[in-house]
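Encoded as structure tokens, the structure appears first; notes follow it.
Every number here is computed from the coordinates shown, using simple stated rules; none is lab data. As the structure is a prediction and not an experimental result, all values here were calculated from the model. With ideal geometry, Cβ positions are generated from the backbone for all residues, glycine too; neighbour counts draw on all protein chains shown.
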Amino acid sequence: EAGARALARRIGLLGGVCGIAFAVLIGAGAGIVPSLFSSDPEVRDQAMVAWPWFVAMQPLAGVVFALDGVLIGAGDVRYLRNLTLVAALGGFLPAIWLAYGLDLGLGGIWAGLTLFVVLRLVALLLRMRSGGWAVVGAVR
């Protein structure tokens, strides 16, 4: 169990480092990448609304996706399912409904998506810390 926990920490750290690297690359491409998809200035303006959220989310998402892999490998998929449902129904959906009600546009949608990732990150870190996922021979 100690070896699995140490490996999970390294994988989570590597996910965060990769997320930071992607954030730097994506941030640097802000003036270039949207123009590859559209020449419409309104489309590019909307891309710039979402871009800061997209960049900020990368390090968080890197850790989340790495720890998702750890828990999938450990067979803790029931926890992942429940966590995803709670984060989506209790975080993302209310946030985007609020964004719609307050007319926050695309930035509000991305704020809701970022909240979803943050909720999952916090819950995954707590799960890693608890060690409940690293039960040798457990069938879940």
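The magnitude of the dipole of the chain, with charges of +1 and -1 set on the Cβ of Lys/Arg and Asp/Glu and taken from the Cα centre, is near 760 debye.
Once the gyration tensor of the Cα atoms in the chain is diagonalised, the equivalent ellipsoid follows with semi-axes of 33, 19, 10 Å, ordered largest first. Our note on the geometry: Cα centres of the stretch 71-97 and the stretch 1-69, 19 Å apart.
Phi-derived couplings, Karplus 6.51 cos²θ - 1.76 cosθ + 1.60 at θ = phi - 60°, listed residue by residue for the stretch 42-59: 5, 5, 5, 4, 5, 4, 6, 5, 7, 4, x, 5, 4, 5, 5, 6, 4, x Hz, with x used for Gly and Pro.
Determine the gain in length on full extension of the stretch V118-A6; use 0.36 nm per residue of separation and subtract their C-alpha separation, reporting nm with one decimal. Numbers along the way, then the final one.
On the way: separation 112, 0.36 × 112 = 40.32 nm, distance 2.26 nm.
This chain segment gains 38.1 nm when fully extended.
The phi torsions of the stretch 65-81, fed into the Karplus equation with coefficients 6.51, -1.76 and 1.60 and a -60° offset, translate into couplings of 5, 5, 6, 4, x, 4, 5, 4, x, 7, x, 8, 6, 4, 4, 4, 4 Hz, rounded to whole numbers, with Gly and Pro shown as x. The mean of 1/r over all distinct Cα pairs in the stretch 15-91, once inverted, gives the Kirkwood hydrodynamic radius of 14.3 Å.
Mean sequence separation of contacting Cα pairs (under 8 Å, at least six apart), scaled by the length of the stretch 7-81, corresponds to a relative contact order of 51 percent.
Averaging sequence separations of C-alpha pairs under 8 Å and six or more residues apart, then dividing by the length of the chain, give the relative contact order as a whole percent. All intermediate terms of the calculation are to be shown ahead of the outcome.
Details: 133 pairs, mean separation 45.0, N = 140.
32 percent.
FRET efficiency for the L126 to V24 pair, using the beta carbon distance and R₀ = 22 Å, is estimated at 0.20.
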